[in-house]
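Q: One structure follows; several queries about it will come next.
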Amino acid sequence: MPRFYVPFALHTGQTVDLPDNVVRHLNVLRTRIHEEIVLFNGNGKAYPSRLSILEKRRAEAEILCEEAADNESPLRITLVQAVSSGERMDFTLQKSVELGVTEIRPVLSERCVVRLSGERADKRAARWQDIVVSACEQSGRNSVPQVLPLQNYRDALAALPDDGTRLLMSLNRASALKDIEPPPRHVVLMIGPEGGWTAAEEQQAFDAGFRSITLGPRVLRTETASLAAIAAMQALWGDFA
């Protein structure tokens, strides 16, 4: 059944006007009036609904019921991702959401190829949030991870949540994931850019309480490192078991 995110409150028995982007998508899918769809708004619940009006530029849906779908991992993962170029960053965010990441904090480190600021950074952040929403629609998640505003490396370190096991992907002083004790319930995972971390950045992370981890002796691309680490964590401590 097609799933669509809407940015407003939903209640059983309510009839809602659907946003323009949802109307366009319904028409592309050649959906018909009276067919059922699923709406969600990020509160963790799903709302099966029936289309009561479907026109080229307008659609309404009646909410049939509310379903509490518990499909979130018991492991919270905050991904602190150094910005990578073009489609790599988009791919990383999309797949990390499919794998269950809880929050995304994009950062600019010294070796980032991409440099964003001002209006350009705001537009890219909005695009990233749209990618996250689409990934939730596709993967069946009813809670939508937030993409925080872009920060420089030093500010990002200072703004991290106080709770959580802090892990840095690196070959320097690295431990295997399976050796992390006790099993964490919240991980703050920091992944570097295409050029990796500088020695100074790694030291700043260690000073901020990060532990260095590795997924083996091979050097991974930034997008591979993020997704492999998230999947391994879900297998060890999350809901992949």
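The values are calculated or read from the model by the stated rules, or taken from the named source; none is laboratory data. It should be emphasised that the depicted structure is a prediction, and the values quoted were computed from it without experimental measurement. Cβ atoms come from the backbone with ideal geometry, glycine included; neighbour counts cover every protein chain shown.
Q: Given the criterion among the β-branched types (Val, Ile, Thr), at pLDDT 95 or above, farther than 18 Å from residue 64 by Cα and surrounded by 17 or more Cβ atoms within 10 Å (Cβ to Cβ), identify the matching residue among 23, 6.
A: On the way: 6 fails: farther than 18 Å from residue 64 by Cα.
Result: 23 is the single residue among 23, 6 that is among the β-branched types (Val, Ile, Thr), at pLDDT 95 or above, farther than 18 Å from residue 64 by Cα and surrounded by 17 or more Cβ atoms within 10 Å (Cβ to Cβ).
Q: Ok, one more. Taking residue 185 and the conditions (1) buried (at least 20 other Cβ atoms within 10 Å of the Cβ); (2) basic (Lys, Arg); (3) touching a residue at least 60 places away in the same chain (Cβ under 8 Å), which numbered condition does it fall short on, given that it satisfies the others?
A: Against the list (1) buried (at least 20 other Cβ atoms within 10 Å of the Cβ); (2) basic (Lys, Arg); (3) touching a residue at least 60 places away in the same chain (Cβ under 8 Å), residue 185 comes up short only on (1).
Q: Please go through (1) surrounded by fewer than 16 Cβ atoms within 10 Å (Cβ to Cβ); (2) among the acidic types (Asp, Glu); (3) touching a strand residue (DSSP E or B) at 6+ places or on another chain (Cβ under 8 Å) for residue 202 and return the number of the only condition it doesn't satisfy.
A: (1)
Q: Taking residue 213 as the residue in question, decide whether it is free of Cβ contacts under 8 Å to residues at least 60 places away in the same chain, surrounded by 15 or more Cβ atoms within 10 Å (Cβ to Cβ) and farther than 24 Å from residue 83 by Cβ. Let's see the steps before the verdict.
A: Values: free of Cβ contacts under 8 Å to residues at least 60 places away in the same chain: yes; surrounded by 15 or more Cβ atoms within 10 Å (Cβ to Cβ): yes; farther than 24 Å from residue 83 by Cβ: no.
Against the criterion (free of Cβ contacts under 8 Å to residues at least 60 places away in the same chain, surrounded by 15 or more Cβ atoms within 10 Å (Cβ to Cβ) and farther than 24 Å from residue 83 by Cβ), residue 213 does not qualify.
Q: Here are 141, 124, 173: which of them is surrounded by 15 or more Cβ atoms within 10 Å (Cβ to Cβ), of a type in the set (D, E, K, R) and over 26 Å from residue 85 (Cα atoms)? So that I can check it myself, show each step before the final result.
A: Values: 124 fails: over 26 Å from residue 85 (Cα atoms); 173 fails: surrounded by 15 or more Cβ atoms within 10 Å (Cβ to Cβ).
When all the criteria are applied, what remains is 141.
Q: Inspect region 57-64 for any residue being in contact with a helix residue (DSSP H, G or I) (Cβ under 7 Å, 6 or more places away or on another chain), hydrophobic (A, V, I, L, M, F, W, C) and closer than 24 Å to residue 126 by Cβ and give the result as yes or no. Break it down into steps so the answer makes sense when it comes.
A: Within region 57-64, the first condition is being in contact with a helix residue (DSSP H, G or I) (Cβ under 7 Å, 6 or more places away or on another chain), and the residues that meet it are 57-59.
Imposing the further condition that a residue be hydrophobic (A, V, I, L, M, F, W, C) reduces the set to 59.
The next check asks that each one be closer than 24 Å to residue 126 by Cβ; those that pass are 59.
Checked region 57-64: at least one residue is in contact with a helix residue (DSSP H, G or I) (Cβ under 7 Å, 6 or more places away or on another chain), hydrophobic (A, V, I, L, M, F, W, C) and closer than 24 Å to residue 126 by Cβ.
Q: A further question on this structure: All but one of (1) among the polar types (S, T, N, Q); (2) touching a strand residue (DSSP E or B) at 6+ places or on another chain (Cβ under 6 Å); (3) surrounded by fewer than 17 Cβ atoms within 10 Å (Cβ to Cβ) hold for residue 78; state the number of the condition that does not hold.
A: The single condition residue 78 does not satisfy is (3).
Q: While we're here: Could you list, in sequence order, the residues of region 126-170 that are under 28 Å from residue 180 (Cα atoms) and among the acidic types (Asp, Glu)?
A: 155, 162, 163 - these are the residues of region 126-170 that are under 28 Å from residue 180 (Cα atoms) and among the acidic types (Asp, Glu).
Q: Taking the residues in region 113-129 that are of a type in the set (A, V, I, L, M) and within 22 Å of residue 196 (Cβ to Cβ) as candidates, determine which candidate is modelled with the lowest pLDDT.
A: Filtering region 113-129 down to residues of a type in the set (A, V, I, L, M) leaves 113-114, 116, 121, 125-126.
From what's left, within 22 Å of residue 196 (Cβ to Cβ): 113-114, 116.
Details: 113: 76, 114: 74, 116: 68.
Step by step, filter region 113-129, then rank; the result is 116.
Q: Consider region 168-199. How many of its residues are farther than 17 Å from residue 101 by Cβ and either within 20 Å of the chain's Cα centre (by Cα) or modelled with pLDDT of 95 or more (or both)?
A: First, pick out the residues of region 168-199 that are farther than 17 Å from residue 101 by Cβ: 170-176, 178-183, 193-199.
Filter once more, so that each one left must be either within 20 Å of the chain's Cα centre (by Cα) or modelled with pLDDT of 95 or more (or both): 193-194.
Here the count works out to 2.
Q: Also, quick follow-up: In the set 86, 100, which member is within 16 Å of residue 186 (Cα to Cα) and of a type in the set (Gly, Ala, Ser)?
A: Numbers: 86 fails: within 16 Å of residue 186 (Cα to Cα).
Among 86, 100, only 100 is within 16 Å of residue 186 (Cα to Cα) and of a type in the set (Gly, Ala, Ser).
Q: Still on this structure, please answer the following. Being more than 27 Å from residue 150 (Cβ to Cβ), at pLDDT 95 or above, surrounded by 13 or more Cβ atoms within 10 Å (Cβ to Cβ) and not aromatic (Phe, Trp, Tyr): is that true of residue 50 here?
A: Details: more than 27 Å from residue 150 (Cβ to Cβ): yes; at pLDDT 95 or above: yes; surrounded by 13 or more Cβ atoms within 10 Å (Cβ to Cβ): yes; not aromatic (Phe, Trp, Tyr): yes.
So residue 50 fits the description; yes.
Q: Only one residue in 120, 115 is in a helix (DSSP H, G or I), of a type outside the set (A, V, I, L, M, F, W, C), free of Cβ contacts under 8 Å to residues at least 60 places away in the same chain and over 15 Å from residue 230 (Cβ atoms). Which one?
A: Every option except 120 fails the conditions.
Q: If you scan region 1-45, which residues turn out to be among the basic types (Lys, Arg), over 19 Å from the mean Cα position of the chain (by Cα) and closer than 18 Å to residue 131 by Cβ? Explain how you work it out, then say what you get.
A: Filtering region 1-45 down to residues among the basic types (Lys, Arg) leaves 3, 24, 30, 32, 45.
Among the residues that remain, those that are also over 19 Å from the mean Cα position of the chain (by Cα) are: 24, 30, 32.
Matches in region 1-45: 24 only.
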